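Below: one structure, written as structure tokens.
The values are calculated or read from the model by the stated rules, or taken from the named source; none is laboratory data. As the structure is a prediction and not an experimental result, all values here were calculated from the model. Glycine also receives a Cβ, built like all others from the backbone with ideal geometry; neighbour counts cover every protein chain displayed.
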Amino acid sequence: MKELVFVTNNKHKLSEIRQILGDYCKIMSLEEIGFSEEIEETAPDLAGNALLKARHIHNRFGCNCFADDTGLEVDALDGAPGVFSARYAGENATYADNVKKLLEALAGNHNRTARFRTVIALILDNREYLFEGRVEGEILTEPCGLTGFGYDPVFRPLESKKSFAEMSAEEKNVISHRGRATAKLQTFLSLTVKEAK
Ligand code: IMP
């Protein structure tokens, strides 16, 4: 079975991806290949950051690998926080700090349309591929729900009456940005590495 390194330190994402892609590839973590450094995300967009992380590991280890990057784009804020979603309220901001800053920035604003976008960069047999998933929705006026992470309590997808934080992980995965990007990666791998099974 082909080995594929997932360039992340997030154990939650790793187990999610293993469940989805485990039939096609053996998914290795950064820890398993002995990499424990931080890779700085200095690119101006999501695709750039995903590629930067995948290339860093590919250049160092010569392995097949993929990396992802996600951003929340709010129309009334000209696409912010976007690529800065993790550090919107500052370098060491918590999820709660970021949500608070977002609600303050949108206070009194009726235009609350937004989207989550995930870009996955895959390097397979020295070729680069990009997969994108997005979900359109709106920013609520106050947090709702207790599940999930990040901006989940204030994001409601158009196709639901619930915020992401009011959904189970399974419900969220079906319509989420990351779920959709991962589904594209899964389809690609199922066609490309089928014979390697
Ligand atoms: P990352 O690129 O997946 O690390 O995501 C960057 C930031 O976007 C995270 O720190 C979260 O604040 C936010 N984020 C990413 N995915 C989600 C999600 O599914 N729900 C809510 N917030 C998210």
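Would you say residue 139 is under 23 Å from residue 58 (Cβ atoms) and not small (Gly, Ala, Ser)?
no
This table checks each residue for (1) under 19 Å from residue 131 (Cα atoms); (2) away from the ligand (no atom under 13 Å from the Cβ).
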site: 9; (1), (2): no, no
site: 21; (1), (2): yes, yes
site: 28; (1), (2): no, yes
site: 45; (1), (2): yes, no
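Give me the residue from the range 51-79 that is assigned to a loop (DSSP other than H, G, I, E, B) and touching a residue at least 12 places away in the same chain (Cβ under 8 Å) and, out of that set, farthest from residue 189 (Cα to Cα).
63
When both residues are 6+ apart or on different chains and their Cβ atoms are under 6 Å apart, which pairs have a first residue that lies in the range 90-104 and is without any contact (Cβ under 8 Å) to a residue 60 or more places away in the chain, and a second that is hydrophobic (A, V, I, L, M, F, W, C) and surrounded by 15 or more Cβ atoms within 10 Å (Cβ to Cβ)?
Between residues of the range 90-104 that are without any contact (Cβ under 8 Å) to a residue 60 or more places away in the chain and residues that are hydrophobic (A, V, I, L, M, F, W, C) and surrounded by 15 or more Cβ atoms within 10 Å (Cβ to Cβ), the close pairs are 97/89; 98/89; 99/154; 101/89.
Show the residue pairs that are 6+ apart or on different chains and have beta-carbon atoms under 6 Å apart, the first residue being within the range 127-153 and touching a residue at least 40 places away in the same chain (Cβ under 8 Å), the second being within 11 Å of the ligand (Cβ to nearest atom) and part of a loop (DSSP other than H, G, I, E, B).
135/176; 153/163
Right, residue 113: among the polar types (S, T, N, Q) and closer than 25 Å to residue 184 by Cβ or not?
yes
So that you can scan it fast, the table gives a plain yes or no per residue for (1) touching a helix residue (DSSP H, G or I) at 6+ places or on another chain (Cβ under 7 Å); (2) surrounded by fewer than 14 Cβ atoms within 10 Å (Cβ to Cβ); (3) over 18 Å from residue 18 (Cα atoms):
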{"residue": "96", "(1), (2), (3)": "no, yes, yes"}
{"residue": "106", "(1), (2), (3)": "yes, no, yes"}
{"residue": "109", "(1), (2), (3)": "yes, yes, yes"}
{"residue": "123", "(1), (2), (3)": "yes, no, no"}
{"residue": "127", "(1), (2), (3)": "no, yes, yes"}
{"residue": "155", "(1), (2), (3)": "yes, no, yes"}
{"residue": "175", "(1), (2), (3)": "no, no, yes"}
{"residue": "181", "(1), (2), (3)": "no, no, no"}
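Return the residue satisfying two criteria in turn: it lies in the range 65-82 and is within 30 Å of residue 193 (Cβ to Cβ) and more than 8 Å from the ligand (Cβ to nearest atom), and of such residues it is surrounded by the most Cβ atoms within 10 Å (Cβ to Cβ).
66
Please work out if residue 35 is surrounded by fewer than 20 Cβ atoms within 10 Å (Cβ to Cβ) and either touching a residue at least 24 places away in the same chain (Cβ under 8 Å) or touching a Pro at 6+ places or on another chain (Cβ under 6 Å) (or both).
yes
Considering 116, 84, 131, which residue is out of contact with any Lys or Arg (no Cβ under 7 Å at 6 or more places or on another chain), at negative phi and modelled with pLDDT of 95 or more?
It is 84.
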